[in-house]
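Enquirer: Sharing a structure here in structure tokens format.
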């Protein structure tokens, strides 16, 4: 009888722990920012990873990327930077306006895209725009460029954040086929500044 | 009596700890495969079968895209299954930027090539499993570590005016099993 009780107890412990462990792990892997938990802090604003799609990624890194941004290219082809905050460390919020000022990036192609932090998808907007790229953005004579992130139309290179107030968003900078000089300095290349203009 | 309670308590804690550790690792290891299976099923449903290409022909953000998808990248995708033999992917590259990438079932990007790395603007790749004979098939053989996986072709569009050219490029692309 006592062995039966011990067996039933063991089964209950295994079953309960299994469900708790599974729920805890799934929640940890699928929270809106968990994909970036293992990214490297570059300059206090931007995060970087060269483990996207990589065989060298740990099990946790692989799972987080698969759930939060699947089918990325390996670092052989492209590298990824992301930020969820401005240069003062405040979260990027939909009711604020930001000025993103970027240097010339020595690469074949780059794009800056905006995503809703919670849904991890595009933000629907009347312009149907969620990115600017190295071809479409206007550049000054010195190669610098400016993108205005705001909920309402802006005069130049407007990247719409959502009109609903107090939602968070993130910016992702993709750098495809970086030059050898850029690659040699990764991740410490000159990155765009993220300045809050108004709120 | 006290010793017995202590023994059962320690045994219960040890059992719970082992179960917790094993379950966490199992979920972490299986999550990428589950995501891949979901995406493969969507691609196959979109085009009607495995080993066939689905072409996105819409410029800009799409609400049904994968999480954090790149809106500047116009994608052709294929869910492949090499169980019955190799699969061919061939066509012309796209000058702004073109790349062909393969993802094995654990989501690793095990192969990628871009247009600047090819000798010409044409491409012809045969995707096969280790041990499958591809000698007489021509093209460049790429060995997939797993029977199932996903192929993506990325073409960059600066704006919507690039779309007619990209759609023509997609139409000229072939992908499917080799007879």
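Enquirer: Would you order A:199, B:53 from fewest to most other beta-carbon atoms within 10 Å of each residue's own beta-carbon?
Expert: With the fewest neighbours first, A:199, B:53 line up as A:199, B:53.
Enquirer: Relative to the longest principal axis of chain B, what angle (0 to 90°, nearest 10) does the C-alpha long axis of helix B:2-47 take?
Expert: Taking the Cα atoms of chain B, the angle to B:2-47 is about 10 degrees.
Enquirer: As a check on your grasp of the helix formula, calculate [θ] at 222 nm for chain A: sum -39500 (n - 2.57) over DSSP H runs of n ≥ 4, divide by the residue count, round to the nearest 500.
Expert: The helix-only estimate for chain A comes to -7500 deg cm²/dmol at 222 nm.
Enquirer: Given region A:31-198, what percent of its DSSP beta bridges are antiparallel, to the nearest 5?
Expert: Rounded to the nearest five, the antiparallel share is 90 percent.
Enquirer: Take every residue in peptide B:156-163, count the Cβ atoms of other chains within 10 Å of its Cβ, and give the average of those counts.
Expert: 3
Enquirer: In peptide A:156-162, how many Cβ atoms from other protein chains are near each Cβ within 10 Å, on average? Walk me through the numbers before you get to the answer.
Expert: Working: counts 0, 0, 0, 0, 0, 0, 0.
Going residue by residue through A:156-162 and averaging, the value is 0.
Enquirer: Ok, one more. Counting only C-alpha contacts under 8 Å and six or more residues apart, can you give the relative contact order of region B:1-84 as a whole percent? Before the final figure, lay out the partial values.
Expert: Working: 49 pairs, mean separation 21.7, N = 84.
The normalised contact order for region B:1-84 reaches 26 percent.
Enquirer: How much length is gained on full extension from residue A:138 to residue A:165, taking 0.36 nm per residue of separation minus their Cα-Cα distance?
Expert: Between residue A:138 and residue A:165, full extension yields an extra 6.9 nm.
Enquirer: Counting alpha carbon pairs within less than 8 Å and at least 6 residues apart, what relative contact order, in whole percent, applies to chain B?
Expert: Working: 299 pairs, mean separation 48.2, N = 179.
After rounding, I find 27 percent.
Enquirer: Would you work out the Kirkwood radius for the protein assembly as shown? I mean one over the mean of 1/r across all pairs of different Cα atoms, in Å.
Expert: For the protein assembly as shown, inverting the mean 1/r across all distinct Cα pairs yields 22.8 Å.
Enquirer: Using the alpha carbon gyration tensor of chain B, what are the three equivalent-ellipsoid semi-axes (square root of 5 times each eigenvalue), largest first, in whole Å?
Expert: Three semi-axes, in Å: 43, 21, 13.
Enquirer: On to the next question. Using C-alpha positions alone, give me the convex hull volume of region B:19-63 per residue in cubic angstrom.
Expert: 107 Å³
Enquirer: Modelling each spin label as a point 7 Å along the Cα-to-Cβ direction, I'd like the residue A:12/residue B:5 distance in nm, to one decimal.
Expert: It works out to 1.7 nm between the two label points.
Enquirer: May I ask you to sort A:107, A:193, B:38, B:93 by Cβ crowding, counting other Cβ atoms within 10 Å and putting the fewest first? Show your work: numbers first, answer last.
Expert: Values: A:107 19, A:193 16, B:38 12, B:93 22.
With the sparsest Cβ surroundings first, the list reads B:38, A:193, A:107, B:93.
Enquirer: OK, next. What spacing in nm lies between the two simple spin-label points modelled at residue A:127 and residue A:58, each 7 Å away from Cα in the Cβ direction?
Expert: That separation, rounded to one decimal, is 3.9 nm.
Enquirer: Let me ask another. How far, in degrees from 0 to 90, does helix A:59-68 lean away from the longest principal axis of the Cα atoms of chain A, to the nearest 10?
Expert: 60 degrees
Enquirer: On to the next question. For peptide B:27-38, how many partner chain Cβ atoms fall within 10 Å of a residue's Cβ, on average?
Expert: Shielding by partners across B:27-38 averages 5.
Enquirer: Rank these for me by crowding, A:161, B:120, going from fewest to most other beta carbons within 10 Å.
Expert: Details: A:161 26, B:120 9.
So the residues, fewest neighbours to most, are B:120, A:161.
Enquirer: So how long is each side of chain A along the principal axes, counting just the alpha-carbon atoms, biggest first, in Å?
Expert: 86, 41, 29 Å, listed from the longest principal axis down.
All of the numbers you see were taken from the coordinates with simple rules; none came from a lab. Note that the structure is a prediction, hence the values are computed from the model and not measured. Quick reminder, even Gly has a Cβ in these numbers, built from the backbone with ideal geometry, and neighbours come from all protein chains shown.
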